[in-house]
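Written below as structure tokens is the structure these notes are about.
The values are calculated or read from the model by the stated rules, or taken from the named source; none is laboratory data. All values derive from a computational prediction rather than experimental measurement. A quick note on method: Cβ atoms are made from the backbone with ideal geometry, for glycine too, and the neighbour counts reach across all protein chains shown. Calculation scope for accessible area: heavy atoms of the full protein, side chains included, ligands and nucleic acids excluded. Shrake-Rupley method; radii C 1.70, N 1.55, O 1.52, S 1.80 Å.
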Amino acid sequence: MKRAKMESIDMTKENIEKIGALFPNVITEMKGDDGKLKKGINFELLKQELMDDVVDGEECYDFTWVGKKAAIVEGNTPIRKTLRPCIEESKDWETTQNLYIEGDNLDVLKLLQESYLNSVKMIYIDPPYNTGNDFVYRDDFKTDKDDYDEQKGLFDEEENRLFKNTETNGRFHSDWCSMMYPRLKLASNLLRDDGLIFISIDDNEVDNLRKICDEIMGSINFIGMFAWRKKVGAGADSKLFFRQHEYTLLYSKDIYSINYLYQSLTEEQKKEYSNPDNDKRGLWAPTDLSAPAHDNDAKRIYEVVTPSGKVYKKCWAYTQENMKKLLAENLVWFGKNGDSMPKRKRFLSEKLGLTPRSWIDSILTSDGKKDIVNLGLKGIFDYPKPIKLIENFLDIGSQKDSVILDFFSGSATTAHAVMQLNAEDGGNRKFIMVQLPEKCDEKSEAYKAGYKNISEIGKERIRRAGDKINKKINDNNAQLKIGEEAKPKVDIGFRVLKVDSTNMKDVYYAANEYNQQMLAELETNIKEDRTDLDLLYGVLLDWGLPLSLNHRIEKIENTTVHFYDCPVVDAQLSTSNCSLAACFEDKVSESVVREIAKRQPLRVVFRDRSFADSPGKINVEEIFKLLAPNTSVKVI
Ligand SMILES: C[S@@+](CC[C@H](N)C(=O)[O-])C[C@H]1O[C@@H](n2cnc3c(N)ncnc32)[C@H](O)[C@@H]1O
């Protein structure tokens, strides 16, 4: 219920509004006594507006906002969290190399720092645009829950307070910048040197996003900004200005590691290639042979005589000697009648693609809607990006075996586009989707259809899209003509992992803080509800191993041992020379330890309490020194 104001007008606020009406440039954002953002006046700037002379004071080129320092600290602060596997919600757990991670992307990006450092080829994100209603973030301010809930907030599945950056609170840019800054900084660490990040955005925050990216990625790494004409007719925001397009910024991790960028030719562009002279080398297109008019190099001005005897005297792109070579190789075309201006033949087979174009106008927002309608998910997600748009970015930014990350994944259009492109070009790109389990509004179509949060929508979309893609491949393979090869199926699975508190109990108390119950709990340093698989994934994060590699469980003398990232020998997984062996049983016998050591894993991990006493632990180290001296041994 709304509260009556029961107080007089805030005159300071009124005065700020009045000054703002006269000098809009002096209005800024600052923190109030309650720690919340509010509108304020930049007095230095106001002073300057009222003085003829330059007012003294330090000036520097800087981009800052209220909370920037705190945002930097937030990005650097370690967290006591982990990723817990959820096999029930996964698809093809055993074989897939894709990941679907549920949780706040700030936590996820922190957790992935070691496992995916310098290994992601392409990131695509479509963050909230800060339009006044779309942007939620975790908020630590203490307010009465019910009140808060009703006024402006909502809570995620774990009852974390999510704060809405609404129109009424001024839609603060500072909050948005503070949300984006640490996430982009952490994400850039994950990119390979030749990696690229594509970020969709609209007019509301495009200027702030450019500045943040210039700072984090380095302005030299700015490659360009796509303008996507997303709609044709007038829309709801057309009162004063009709916004038909939005943007996607493109930055590289290290511009010097990128030699070229290509996008594939469209079917329309391919039509420019033909073969009027039946050249055995295939389809070709004629391109200009003359040099630019200003380029009056005497060595390149000469006569070219056509087969029909017509003479063209010009400045050419090639010296006479090189032109002779082109003629000898049948690379010059004089038209069907042999008397036209000479052109250079360029073969389609040599063309890697076109340098990417900034203007995209063949795809519409409504295509994104149709994409999910086609999966039977009509009205389940507002404004998904069209698959074709993301496919276009994947075409430019990824290679066939790349890892692609989207940490604002929404309805998982990026995963859909990755699978689709793999189906089209036989690639084996792998995706990592990250999505907050943000609750669906109870009045929404999604909620009515049974989706409690957005992660559920994302996972269901991937399931439906994947099945459809592989069904189409199957259907096509069943109708092959002679000479045609069957297409391989696409990896349509995904391992689901969820952010949760650490697997470890908090065991670091001062001696005088211990009580009887704590001592009982300390028999184990691991939380009771954690499974072997939870521990395994905790160890993978700790050791910086990727999360989507193969995994085999073996019983050695009735003791469960996990082997992770193992070599494939004769089409079978071998448990020798794996990246990791893990055994989390309460008691592990010496003969089991010996058996694991004989398999010579690169790393091995046990539970602290697997060994009855310290001599037991020392014995394990000795066994590994002897049988597997290159294995690094740890306990948790
Ligand atoms: C604009 S939507 C992305 C839409 C997506 N490109 C698609 O085509 O479906 C942004 C998504 O980011 C999610 N999101 C916002 N804050 C997040 C956070 N801190 N961590 C993870 N996801 C977040 C929102 O729940 C929303 O689904």
Problem - Global size of segment 1-56 as Cα Rg and Dmax, reported in angstrom - result: 14.7, 53
Fill in the blank from the handout: Working note, segment 267-350: Cα radius of gyration (Å, one decimal) and Dmax (Å, whole number) are 13.5, 41
Exercise for the section: Assign unit charges at the C-beta atoms only (+1 for Lys and Arg, -1 for Asp and Glu), then state the dipole size of segment 1-56 relative to its Cα centre in Debye, rounded to the nearest 20. Expected result: 600
Handout entry: Long-range HN-HN contacts of S290 with modeled amide H, under 5 Å
Key = A317
Practice task
Go ahead and estimate [θ] at 222 nm for the chain from helices alone: -39,500 (n - 2.57) per DSSP H run with n ≥ 4, summed, over the residue count, rounded to 500.
Solution key: -9000 deg cm²/dmol
Completion exercise
Sorting L184, T559, C315 by the position of each Cα along the dipole of the chain (Lys, Arg +1; Asp, Glu -1; all at Cβ), the one nearest the positive end of that ordering is C315
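So what's segment 345-403 giving for Cα Rg divided by 2.2 N^0.38 Å, two decimals?
On the way: Rg = 15.4 Å, N = 59, 2.2 N^0.38 = 10.4 Å.
This ratio for segment 345-403 stands at 1.48.
Under unit Cβ charges (Lys, Arg +1; Asp, Glu -1), what dipole magnitude, rounded to 20 debye, does the chain have relative to its Cα centre?
Values: 93 positive and 106 negative charges, 559 e Å.
Here the chain has a charge dipole of around 2680 debye.
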Completion exercise
For A227 and K299, extending 7 Å from Cα along the Cα-Cβ vector and measuring point to point gives, in nm, a value of 4.1
Practice task
Sort W228, W333 by accessible area with a 1.4 Å probe, largest first.
Solution key: W333, W228
Practice task
Using R₀ = 25 Å, calculate the FRET efficiency as 1/(1 + (r/R₀)^6) where r is the Cβ-Cβ separation of S119 and N550; round to 0.05.
Solution key: 0.90
Fill in the blank from the handout: A 1.4 Å probe over the protein heavy atoms gives the chain a carbon and sulfur accessible-area percentage of 50
Fill in the blank from the handout: Hull volume per residue for segment 315-472, using the convex hull of the C-alpha atoms, in Å³ is 180
Fill in the blank from the handout: Taking alpha-carbon centroids only, segment 321-342 lies from segment 205-226 a number of Å equal to 46
Practice task
Could you tell me the distance between the Cα centroids of segment 616-632 and segment 366-399, to the nearest Å?
Solution key: 53
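So, counting K/R as plus one and D/E as minus one, what does the shell of residues with Cβ under 12 Å around L348 add up to?
Within the 12 Å Cβ shell, the charges total +3.
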Completion exercise
Mean accessible area per residue over segment 267-350 (1.4 angstrom probe, all protein chains present, square angstrom) is 66
Handout entry: Estimated inter-spin distance, N630 and Y262, nm [label 7 Å along Cα→Cβ]
Key = 3.8
Fill in the blank from the handout: Of M180, M217, M51, ordered by accessible area with the largest first and a 1.4 Å probe, the sequence is M51, M217, M180
Practice task
Work out Dmax and Rg for segment 583-622 from the C-alpha atoms and quote the Rg first, both in angstrom.
Solution key: 9.5, 25
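Kindly give the semi-axes, whole Å and largest first, of the ellipsoid equivalent to segment 296-338, taking each as the square root of 5 times a Cα gyration tensor eigenvalue. Don't skip to the end; give the middle numbers.
Values: eigenvalues 67, 34, 11 Å².
Sorted largest first and rounded, they come to 18, 13, 7 Å.
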Exercise for the section: For Y451, enumerate residues with amide H under 5 Å from its amide H, sequence gap 5+ or separate chain, H modeled in the peptide plane. Expected result: none
Handout entry: Loop-located trypsin sites (Lys or Arg not before Pro) in segment 371-449, at most 15 other Cβ atoms within 10 Å (DSSP)
Key = K378, K400, K443
Exercise for the section: Restrict the search to segment 50-85; then list the chymotrypsin sites (Phe, Trp or Tyr not before Pro) that DSSP places in a loop and that have at most 11 other Cβ atoms within 10 Å of their Cβ. Expected result: Y61
Fill in the blank from the handout: Rounded to the nearest 10 Å², the accessible area of T319 using a 1.4 Å probe with every protein chain kept is 50
Exercise for the section: Give the share of C-alpha pairs in each 5 angstrom bin for segment 276-322, from 0 to the last occupied bin, in whole percents, shortest bins first. Expected result: 5, 18, 21, 20, 18, 12, 6, 1
Fill in the blank from the handout: Rounded to the nearest 10 Å², the accessible area of D401 using a 1.4 Å probe with every protein chain kept is 100
Completion exercise
Karplus-derived 3J(HN,Hα) from phi for segment 424-430 (6.51 cos²θ - 1.76 cosθ + 1.60, θ = phi - 60°), whole Hz, x at Gly and Pro, runs 6, 10, x, x, 10, 5, 10
Problem - Where trypsin sites (Lys or Arg not before Pro) fall in DSSP loop in segment 336-376, at most 13 other Cβ within 10 Å - result: K336, R357
Problem - Computed label-point distance, nm, for sites T531 and N477 using a 7 Å Cα→Cβ extension - result: 3.0
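Which net charge results for the neighbourhood of N337, defined as the other residues with beta-carbon distances under 14 angstrom from its beta-carbon, given Lys and Arg at +1 and Asp and Glu at -1? Please list the in-between numbers first.
Values: positive: K310, K336, K343; negative: D277, D339.
Residues near N337 contribute +1 overall.
So what is Rg over Rh here for segment 565-636, counting just Cα atoms and using Kirkwood for Rh? Don't skip to the answer; put the middle values down first.
Details: Rg = 12.2 Å, Rh = 12.3 Å.
Reported Rg/Rh (Cα atoms, Kirkwood Rh): 0.99.
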Fill in the blank from the handout: Counting sequence-distant residues (5 or more places) and residues on other chains, those with an amide H built under 5 Å from that of C578 are L602
Fill in the blank from the handout: Taking N as the residue count of the chain, its alpha carbon Rg divided by 2.2 N^0.38 Å gives 1.21
Completion exercise
Of H245, H416, ordered by accessible area with the largest first and a 1.4 Å probe, the sequence is H245, H416
